[in-house]
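Computed from the coordinates by the stated procedures, all read-outs in this text should not be read as laboratory data. This is a predicted model, so every value here is computed, not measured. Here the Cβ positions follow ideal geometry from the backbone for every residue, glycine too, while neighbour counts run over all protein chains shown.
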Ligand code: ADP
């Protein structure tokens, strides 16, 4: 059974147990997907985020989802791209890993991710997609309780990069 899906869409509309937010380390809201999630969830999300006192890059913290059609929002700050020598690859991988570990602890069976760090944080898209796909597939093996992960891409260019990364991985595995 295929447990990883790549779709084009708006993550705030996805019915799933948890959605992941590409947050910043303050967890107090921002632009991009973070802004969209806060707008759709309503002001109580920010209230709960204030009680969390931020989150380090690559780690993950969960809140309730308020008006969103999911149970939890898992907030994870991705790395800002600074040329590739500042541990960006490992930090991006830990975002996916820690978000899925937390989803598991919360008994989530379905999780949706946005393309972390490839917006205003400028992580190169193809490289981010490969790291995301590798890490999600690896984490799915470690967490059989998670039935399915959906990568929700906001534009076709992003969707194509994740599909390419998945196709490369499948080719490699024969
Ligand atoms: P980061 O700061 O981690 O780079 P951004 O929010 O700037 O985060 O961008 C991450 C990705 O999320 C980008 O591909 C952006 O197009 C996408 N995005 C923006 N809004 C949404 C949304 N509502 N649903 C899914 N993805 C979104």
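The residues of the stretch 76-106 that are surrounded by fewer than 16 Cβ atoms within 10 Å (Cβ to Cβ) and closer than 23 Å to residue 13 by Cβ amount to a single one, 106.
Counting just the residues of the stretch 37-75 that are within 14 Å of the ligand (Cβ to nearest atom) and surrounded by fewer than 17 Cβ atoms within 10 Å (Cβ to Cβ), which one comes out nearest to residue 101 (Cα to Cα)? The extreme case among them is 69.
Scan the stretch 116-149 residue by residue and report those that are within 14 Å of residue 14 (Cβ to Cβ) and crowded, with 18+ Cβ neighbours inside 10 Å. Please lay out each step first, then the result.
Just the residues of the stretch 116-149 that are within 14 Å of residue 14 (Cβ to Cβ), to begin with: 148-149.
Correct list: 149 only.
Applying a threshold of 6 Å to beta carbon distances and a minimum spacing of six or more residues, or different chains, the list of pairs starting in the stretch 29-43 at a residue that is without any contact (Cβ under 8 Å) to a residue 40 or more places away in the chain and ending at one that is loosely packed, with under 13 Cβ neighbours inside 10 Å reads 41/67; 42/67.
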